[in-house]
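First comes the structure, then the notes that go with it.
The values are calculated or read from the model by the stated rules, or taken from the named source; none is laboratory data. Note that the coordinates shown come from a computational prediction; the quantities given were computed from them, not determined experimentally.
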Amino acid sequence: MNGRRLYYEYGPSGYGRPMLLKDSTGEPYHVSFAEAGLDILDQIRSAAREGFATLGALHTSISTQLDFTYDHHARMEKGIGRLVDADMNEDSARMKAAEMKTQLATMALQIANADHRNILQLFRN
């Protein structure tokens, strides 16, 4: 067949039984009807095989992209969780430092008040 495509030429209305089997050059294709049908089926099978190969390649590409997206999403969630934990640890450290400052200030005031009372007691005696 030399790579030529076969097609049926229909009557004037375009419907019904094919009037003539022609190849892509427009010349009549002289073979038995069964042989022509097999050639057409081979062309259909080749086109379907190419289509399925393209579909398979697209499926593989989409699967790879989905895997990447799921992995990226999981890593982002893990990173965000670490950031939240780090913020909470930082806030906790700040609160402990503020609490310690408050305790130290209270102790300093207690010491100052105690010394003041001791000095006043010395003057009274």
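Suppose we filter 25, 54 for residues that are assigned to a loop (DSSP other than H, G, I, E, B), at negative phi and modelled with pLDDT of 65 or more; which single one remains? It would help to see each step written out before you state the result.
Details: 54 fails: assigned to a loop (DSSP other than H, G, I, E, B).
From the options 25, 54, the qualifying one is 25.
Within segment 40-49, not a single residue is of a type outside the set (Asp, Glu), modelled with pLDDT under 75 and part of a helix (DSSP H, G or I).
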